[in-house]
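Undergrad: Have a look at the structure that comes next, please.
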Amino acid sequence: MDTGSPYTVPAEQAGQTLAAILRALRPGESWTQVKALATGRRVAIGGSLCMDPARRLKPGEVVEVLARPAPVIKGETPEGVVIRHLDEDVVVVEKASGISTVRHPAEREWKENRRALVPTLDDVTQQAIARRLGVRKHELPRLRVVHRLDKETSGLVAFARSVRAERELGRQFKAHTVVRRYIAIVPGVVKPQTFSTWLVRDRGDGRRGSGSEEAGGKQAVTHVDVLERFPRHTALVCQLETGRTHQIRIHLAEAGHPVCGDRVYNRRPDGSVIPDDSGAARLALHAAELGFLHPATGKEMIWDMPPPADLVRLMDRLRGERP
């Protein structure tokens, strides 16, 4: 095995732990050493950092040992979480790219020390609230999920801190009255328009996509406007009228303009990959604006968050490209 190259997990190794795979890849190292690679931020799975040596792998997943430890991302620790609003009903925070909004159901019973190896936004937000209020984490009411962002997407996220907030915010999201605007960077020239399709779980190639209402599709509406045109790319403002899973990514990809850095929705109907020469290191999607009526007071509240530094650098570079 070439230990310096990405390694694709074969079917016969499916279900083995990351530590076991690393041990097979690096037979000259001890179990302690290979586990330290993961906990030391030197292992990626599918391009995303994995610090959990006990994670069980699926066939086809790609494991890579990094030459140097991956840097700590902003928002991965309680000290790095930016809280934009906090009261007894709601907390609004800035999510960094690279951290999951909430924990996978299979991970909810993990002990605290294992959770710390795979931080999620809800966990570190709760820790940040405890630090701000000067209390212990277990003394706080649990955070209740009302929406989420993809792991690679940055931007504003709200959690409910009370039953009434969970119920009322859930009603607003269901009624599509919550303001949600995203910045997306895509290849090519895109005109202002509205996408309205029926999204299904499997459009025929194993991915979510547009289908028919009769096939169980749910209506998805995305309004698109132009933020800035670059020589060969476009920065868009996408406003959600509905909130279906991956709807911005799907709508733009199906129009032939997948979000830069998207490794899932980047194919044409014939299965061929749409080239991405943007150099985007991650999904170039950012939840820039979030607004709703406060669940207790009814007051209209709205927040905005400028694109983070990595997307600013990407846009600066794209401005300088040749047509």
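The values are calculated or read from the model by the stated rules, or taken from the named source; none is laboratory data. In this text the structure is predicted, and so the values were computed from the model without any measurement. No Cβ is skipped: glycine too gets one built from the backbone with ideal geometry, and neighbour counts run over all protein chains shown.
Undergrad: Report the residue count in segment 197-234 for those that are among the polar types (S, T, N, Q) and in contact with a Cys (Cβ under 6 Å, 6 or more places away or on another chain). Quick ask: steps written out before the conclusion?
TA: Within segment 197-234, the first condition is being among the polar types (S, T, N, Q), and the residues that meet it are 197, 210, 212, 219, 222, 234.
Applying the additional criterion that residues be in contact with a Cys (Cβ under 6 Å, 6 or more places away or on another chain) yields 222.
Residues in segment 197-234 being among the polar types (S, T, N, Q) and in contact with a Cys (Cβ under 6 Å, 6 or more places away or on another chain): 1 in total.
Undergrad: Which residue is farthest from Lys174 (Cα to Cα), if the candidates are limited to segment 133-162 and must be in a loop (DSSP other than H, G, I, E, B) and charged (D, E, K, R)?
TA: Within segment 133-162, the first condition is being in a loop (DSSP other than H, G, I, E, B), and the residues that meet it are 134-136, 140-143, 146-153, 161-162.
From the residues that got through so far, the ones that are charged (D, E, K, R) too are 136, 142, 148, 150-152, 161.
On the way: Arg136: 33, Arg142: 22, Arg148: 14, Asp150: 19, Lys151: 22, Glu152: 24, Arg161: 19 Å.
Applying the filter and picking the extreme gives Arg136.
Undergrad: On to the next question. Got at least one residue in segment 174-193 being in the same structural domain as Pro269 (by TED's automatic domain parsing), of a type in the set (Gly, Ala, Ser) and surrounded by 14 or more Cβ atoms within 10 Å (Cβ to Cβ)?
TA: yes
Undergrad: Quick one: would you say Arg282 is at pLDDT below 95, part of a loop (DSSP other than H, G, I, E, B) and within 20 Å of Glu94 (Cβ to Cβ)? Step through it out loud before you land on a result.
TA: On the way: at pLDDT below 95: yes; part of a loop (DSSP other than H, G, I, E, B): yes; within 20 Å of Glu94 (Cβ to Cβ): yes.
So Arg282 passes the test.
Undergrad: Residues in segment 64-101 that are among the β-branched types (Val, Ile, Thr), surrounded by fewer than 18 Cβ atoms within 10 Å (Cβ to Cβ) and more than 19 Å from Tyr182 (Cβ to Cβ): how many? Outline the logic, then answer.
TA: Let us first name the residues in segment 64-101 that are among the β-branched types (Val, Ile, Thr), namely 65, 72-73, 77, 81-83, 90-93, 99, 101.
From the residues that got through so far, the ones that are surrounded by fewer than 18 Cβ atoms within 10 Å (Cβ to Cβ) too are 72-73, 77, 82-83.
So of that shortlist, the ones also more than 19 Å from Tyr182 (Cβ to Cβ) come out as 72-73, 77, 83.
Qualifying residue count, segment 64-101: 4.
Undergrad: Take the conditions assigned to a loop (DSSP other than H, G, I, E, B) and surrounded by fewer than 16 Cβ atoms within 10 Å (Cβ to Cβ) and apply them to Pro53. Does it pass? Break it down into steps so the answer makes sense when it comes.
TA: Details: assigned to a loop (DSSP other than H, G, I, E, B): yes; surrounded by fewer than 16 Cβ atoms within 10 Å (Cβ to Cβ): no.
Judged against the criteria, Pro53 is not a match.
Undergrad: If the requirement is being part of a loop (DSSP other than H, G, I, E, B), among the small types (Gly, Ala, Ser) and modelled with pLDDT of 90 or more, which of these qualifies: Ser97, Ser5? Can you show your working first?
TA: Values: Ser5 fails: modelled with pLDDT of 90 or more.
Residue meeting the stated conditions: Ser97.
Undergrad: Looking at Ser278 and the list (1) under 24 Å from Gly47 (Cβ atoms); (2) small (Gly, Ala, Ser); (3) free of Cβ contacts under 8 Å to residues at least 12 places away in the same chain, which single condition is not satisfied?
TA: Tallying (1) under 24 Å from Gly47 (Cβ atoms); (2) small (Gly, Ala, Ser); (3) free of Cβ contacts under 8 Å to residues at least 12 places away in the same chain, Ser278 fails exactly one: (3).
Undergrad: Hey, another quick one. Could you list all residues from segment 8-35 that are at negative phi, outside any helix (DSSP H, G or I) and touching a residue at least 12 places away in the same chain (Cβ under 8 Å)? Quick ask: steps written out before the conclusion?
TA: Narrowing segment 8-35 to residues at negative phi: 8-14, 16-35.
Remaining after also requiring outside any helix (DSSP H, G or I): 8-10, 14, 16-17, 26-30.
Scanning segment 8-35 gives Thr8, Val9, Pro10, Ala14, Gln16, Thr17, Arg26.
Undergrad: Considering every residue within segment 213-220, establish whether at least one is free of Cβ contacts under 8 Å to residues at least 12 places away in the same chain and either surrounded by fewer than 17 Cβ atoms within 10 Å (Cβ to Cβ) or in contact with a helix residue (DSSP H, G or I) (Cβ under 6 Å, 6 or more places away or on another chain) (or both). Spell out how you get there, then give the answer.
TA: Here is the first cut: in segment 213-220, the ones free of Cβ contacts under 8 Å to residues at least 12 places away in the same chain are 214.
Restricting the remaining residues to those that are either surrounded by fewer than 17 Cβ atoms within 10 Å (Cβ to Cβ) or in contact with a helix residue (DSSP H, G or I) (Cβ under 6 Å, 6 or more places away or on another chain) (or both) gives 214.
Yes, there is a match, as at least one residue in segment 213-220 is free of Cβ contacts under 8 Å to residues at least 12 places away in the same chain and either surrounded by fewer than 17 Cβ atoms within 10 Å (Cβ to Cβ) or in contact with a helix residue (DSSP H, G or I) (Cβ under 6 Å, 6 or more places away or on another chain) (or both).
Undergrad: Taking only segment 199-212 into account, find how many residues are surrounded by fewer than 17 Cβ atoms within 10 Å (Cβ to Cβ) and under 23 Å from the mean Cα position of the chain (by Cα).
TA: Our first condition is that a residue be surrounded by fewer than 17 Cβ atoms within 10 Å (Cβ to Cβ); within segment 199-212, this holds for 201-202, 204-207, 212.
Still in the running and under 23 Å from the mean Cα position of the chain (by Cα): 201-202, 205-207.
Selection size over segment 199-212: 5.
Undergrad: Continuing with this model, one more query. Does segment 179-192 contain any residue that is within 16 Å of the chain's Cα centre (by Cα), small (Gly, Ala, Ser) and not in a helix (DSSP H, G or I)?
TA: Taking segment 179-192 as the starting set, the residues that turn out to be within 16 Å of the chain's Cα centre (by Cα) are 180-185.
Of the ones still in play, those that are also small (Gly, Ala, Ser) are 184.
Narrowing the set further to residues that are not in a helix (DSSP H, G or I) leaves 184.
Yes; the residues of segment 179-192 include at least one that is within 16 Å of the chain's Cα centre (by Cα), small (Gly, Ala, Ser) and not in a helix (DSSP H, G or I).
Undergrad: Consider Ala38 against the criteria (1) outside any helix (DSSP H, G or I); (2) surrounded by 14 or more Cβ atoms within 10 Å (Cβ to Cβ); (3) of a type outside the set (Val, Ile, Thr); (4) at pLDDT 85 or above: it satisfies all of them except one. Which criterion is unmet?
TA: (1)
Undergrad: Further, regarding this structure: Counting just the residues of segment 229-246 that are part of a loop (DSSP other than H, G, I, E, B) and of a type in the set (Val, Ile, Thr), which one comes out farthest from Val179 (Cα to Cα)? Lay out the reasoning, then the answer.
TA: If we filter segment 229-246 for residues that are part of a loop (DSSP other than H, G, I, E, B), which is where we start, we get 230-232, 241-246.
Checking the rest, the ones that are also of a type in the set (Val, Ile, Thr) come to 242, 245.
Numbers: Thr242: 10, Thr245: 16 Å.
This residue is Thr245.
Undergrad: Another question, if that's okay. Out of curiosity, is Gly243 on the phi > 0 side of the Ramachandran plot and not aliphatic (A, V, I, L, M)? Walk me through how you get there before you give the answer.
TA: Working: on the phi > 0 side of the Ramachandran plot: no; not aliphatic (A, V, I, L, M): yes.
So Gly243 fails the test.
Undergrad: Continuing with the same structure: Looking at (1) out of contact with any Asp or Glu (no Cβ under 9 Å at 6 or more places or on another chain); (2) part of a loop (DSSP other than H, G, I, E, B); (3) at pLDDT 95 or above; (4) not hydroxyl-bearing (Ser, Thr, Tyr), which is the one condition that is false for Asp270?
TA: Condition not satisfied by Asp270: (3).
Undergrad: Let me ask something else. What's the number of the condition Lys191 fails, among (1) within 16 Å of Leu252 (Cβ to Cβ); (2) free of Cβ contacts under 8 Å to residues at least 12 places away in the same chain; (3) not β-branched (Val, Ile, Thr)?
TA: Condition not satisfied by Lys191: (2).
Undergrad: Also, quick follow-up: Restricting to segment 17-36, give me the number of residues that are out of contact with any helix residue (DSSP H, G or I) (no Cβ under 6 Å at 6 or more places or on another chain), over 20 Å from Glu107 (Cα atoms) and of a type in the set (A, V, I, L, M, F, W, C).
TA: So the count comes out to 5.
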